[in-house]
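Working notes for the structure below.
The values are calculated or read from the model by the stated rules, or taken from the named source; none is laboratory data. The shown structure was predicted, so the numbers you read here are calculated from the model rather than taken from an experiment. Cβ placement follows ideal geometry from the backbone for every residue including glycine, while neighbour counts extend to all protein chains displayed.
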Amino acid sequence: MAISESRYQAHRLRIPVEGPFADLRRRYETAVPAVDYATVNALIGSKADWSEVAAQVDAAAPLGFLRYWSSDDGPLMRLAHDPGECVVYLMGNHVLAERMYRHDQAVMMYAPLRPMIASRDGETHFIIEQPSATFASFGAVGHDDIAEVGLELDHKLAALLDHLDLPVPPVLRS
């Protein structure tokens, strides 16, 4: 079996935010609800049909994304006298992830997505890599279906940013 190599270019989007860090964090965490792991584990335990999983995600994630994890890094970094706030998240949708996973399990290195909210010196930003740029690298090795889901994630991300009243980079709408 040969070693394969894929190169891709990440497109990091740093979106300026009007208003305080805490306000955006609250709005984001409301718009992107936490995964209910008890429900997920119950679905796994009962060997539920995938349509039940899809229905659960649709009901739980009105904007198409769930929060799988978060890390509030600001308090720890302030021990080193580094100013600012920073929360990193894992955000995704396991139904969309499955549409890529079936073609190449390596997509799980990038799904869920890793957005962050950061603030320093009174400037707050929402930062994330453009999903389609990342997932397009799988199209280069014959998985155009993965690249298509990357574009769909761009559009869902644009809708989330609209919902949060944040500027939407034009590249997410193309």
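Take region 23-61 and flag every residue that is within 30 Å of residue 83 (Cβ to Cβ) and free of Cβ contacts under 8 Å to residues at least 24 places away in the same chain.
Within region 23-61, 23, 26, 30 qualify.
Which condition breaks for residue 109 when tested against (1) under 26 Å from residue 136 (Cβ atoms); (2) at pLDDT below 95; (3) not acidic (Asp, Glu)?
(2)
For region 37-61, what are the residues that are over 19 Å from residue 114 (Cα atoms) and in a loop (DSSP other than H, G, I, E, B)?
46, 47, 48, 49
Read through the list (1) over 19 Å from residue 131 (Cα atoms); (2) under 19 Å from the mean Cα position of the chain (by Cα), then give the number of the only condition that residue 69 fails.
Here residue 69 meets the rest and fails (1).
So in region 101-124, with the set limited to residues that are buried (at least 18 other Cβ atoms within 10 Å of the Cβ) and under 22 Å from residue 85 (Cβ atoms), which one is nearest to the chain's Cα centre (by Cα)?
113
Considering only region 129-171, state which residues are acidic (Asp, Glu) and outside any helix (DSSP H, G or I). It would help to see each step written out before you state the result.
Taking region 129-171 and keeping what is acidic (Asp, Glu), we get 129, 144-145, 148, 152, 154, 162, 165.
129, 165, listed by residue number.
Within region 1-47, restricting attention to residues that are of a type in the set (Lys, Arg) and at pLDDT 95 or above, which residue is surrounded by the fewest Cβ atoms within 10 Å (Cβ to Cβ)?
The qualifying residue surrounded by the fewest Cβ atoms within 10 Å (Cβ to Cβ) is 47.
Can residue 116 be described as among the hydrophobic types (A, V, I, L, M, F, W, C) and free of Cβ contacts under 8 Å to residues at least 12 places away in the same chain?
Numbers: among the hydrophobic types (A, V, I, L, M, F, W, C): yes; free of Cβ contacts under 8 Å to residues at least 12 places away in the same chain: no.
No, not satisfied.
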